[in-house]
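Remarks on the structure that follows.
The values are calculated or read from the model by the stated rules, or taken from the named source; none is laboratory data. Being a predicted model, the structure only gives us computed values, none of them experimental. As a convention, Cβ positions derive from the backbone with ideal geometry for all residues, glycine included, and neighbour counts pool all protein chains shown. When the accessible area is computed, the model is the full protein with side chains, heavy atoms only, and any ligands, DNA or RNA have been set aside. Shrake-Rupley method; radii C 1.70, N 1.55, O 1.52, S 1.80 Å.
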Amino acid sequence: MILLVDAGNSRLKWAELNDNNLEAETYLAYDGVEPEDVIKHALEEQIRRAKRLIVCSVLGDNFFKLTNEWTLRKHGFAAEFVTTQRSAYGVTVAYKDPMQLGVDRFVALVAAHANYPDNSIVVDCGTAITIDAMTAAGDHLGGVIIPGIDLMISSLTRRTHGIRDSHNEERELFATSTSEAVSGGVYRTVIAAITQIIHDMSRQLNGPVNQILCGGSAEFLQADLNEQMIFDPMLILKGLAIVVSAKP
């Protein structure tokens, strides 16, 4: 068994790969616990059974160092951290410096190219929302980054007087409390931004376009986005499975 791990800014997602079959995903929010400690406690049993541990991480060098030290000491092998490449797995990155493209975005593009024909726009709704466009040939055209729902609300909370922490799932248009007003306004801002960006990108692409939605907030946002969008919560884990199985 190969254990695939997506270490995002807010939560850990993982799935087992058995004989090229990707099992269902599991996820766990950090909730104030250090990510490397979440791996130790949540994945101990899976790592013990695994032949390899493949990680897509946006958490930086310290997470890489501590995770590798622990897996080597406890399980006798190092975790394998995927990195963004200029051209690999059918995808060519548009960034002047490919390493500046988050590895999660790269792996999501790899999965989109392998699983969906035609052009693609990948919308990853995590702590930040990234939106990337790619041609059917696998040429990444670039993308944009906007704050996610929690970041927008946190910014309002920190930078204004009289607005307290308003993290909830209310979507009221005619809100009757400040908390609902913030949540409803931020929700509609995110929906409007995603919709407009997809529209603008689609106009620049020739032919059909797959609109692919993933990330921790994707299901929450899905209802008010284009009904033609493809909801694929396991997109990054699918990309990791391709990295494991295919040659660059």
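Hey, among the residues in the stretch 78-90 that are over 18 Å from the mean Cα position of the chain (by Cα) and hydroxyl-bearing (Ser, Thr, Tyr), which one's most open to solvent (accessible area, probe 1.4 Å)?
First, the residues of the stretch 78-90 that are over 18 Å from the mean Cα position of the chain (by Cα): 78-80, 86-90.
With the extra rule that they be hydroxyl-bearing (Ser, Thr, Tyr), the set shrinks to 87, 89.
On the way: SER87: 73, TYR89: 38 Å².
Applying the filter and picking the extreme gives SER87.
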Legend entry - Residues of the stretch 189-222 satisfying the condition of being free of Cβ contacts under 8 Å to residues at least 12 places away in the same chain and within 19 Å of the chain's Cα centre (by Cα): GLN222
Inset, instruction - Tell me, yes or no, whether the stretch 66-77 has at least one residue that is open to solvent by less than 20 Å² (accessible area, probe 1.4 Å), aromatic (Phe, Trp, Tyr) and over 15 Å from LYS238 (Cβ atoms). - result: yes
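Which of the residues that make up the stretch 232-248 are surrounded by 14 or more Cβ atoms within 10 Å (Cβ to Cβ) and of a type outside the set (A, V, I, L, M)?
Kept after step one, since they are surrounded by 14 or more Cβ atoms within 10 Å (Cβ to Cβ), are these residues of the stretch 232-248: 232-244.
Scanning the stretch 232-248 gives ASP232, PRO233, LYS238, GLY239.
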Legend entry - Restricting the stretch 191-229 to residues that are out of contact with any helix residue (DSSP H, G or I) (no Cβ under 9 Å at 6 or more places or on another chain) and not in a helix (DSSP H, G or I), the residue that is farthest from VAL110 (Cα to Cα): ALA223
Inset, instruction - Would you check if GLY8 is closer than 22 Å to ASP150 by Cβ, of a type outside the set (S, T, N, Q) and modelled with pLDDT of 95 or more? - result: no
Inset, instruction - Just give me the residues in the stretch 91-145 being among the acidic types (Asp, Glu) and either open to solvent by less than 10 Å² (accessible area, probe 1.4 Å) or modelled with pLDDT under 95 (or both), in sequence order. - result: ASP118, ASP132
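Within the stretch 1-42, how many residues are closer than 21 Å to THR127 by Cβ, part of a strand (DSSP E or B) and hydrophobic (A, V, I, L, M, F, W, C)? Walk me through it before giving the result.
We begin by selecting, within the stretch 1-42, every residue closer than 21 Å to THR127 by Cβ; these are 4-15, 25-39, 42.
Those still in the list that are part of a strand (DSSP E or B) too: 4-7, 11-15, 26-29.
Subset that is hydrophobic (A, V, I, L, M, F, W, C): 4-5, 7, 12, 14-15, 28-29.
Residues flagged as closer than 21 Å to THR127 by Cβ, part of a strand (DSSP E or B) and hydrophobic (A, V, I, L, M, F, W, C) within the stretch 1-42 amount to 8.
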Inset, instruction - Find all pairs meeting these conditions: Cβ atoms under 8 angstrom apart; at least six residues apart or on different chains; first residue within the stretch 74-100 and in a loop (DSSP other than H, G, I, E, B); second residue charged (D, E, K, R) and open to solvent by 40 Å² or more (accessible area, probe 1.4 Å). - result: PHE77/ARG52; VAL93/ARG86; ALA94/ASP139
Inset, instruction - Return a yes/no flag: does the stretch 182-202 have any residue that is surrounded by fewer than 15 Cβ atoms within 10 Å (Cβ to Cβ) and either more than 30 Å from SER120 (Cβ to Cβ) or at pLDDT below 85 (or both). - result: no
Legend entry - Within the stretch 48-59, tally of residues that are modelled with pLDDT of 90 or more and either open to solvent by less than 40 Å² (accessible area, probe 1.4 Å) or on the phi > 0 side of the Ramachandran plot (or both): 5
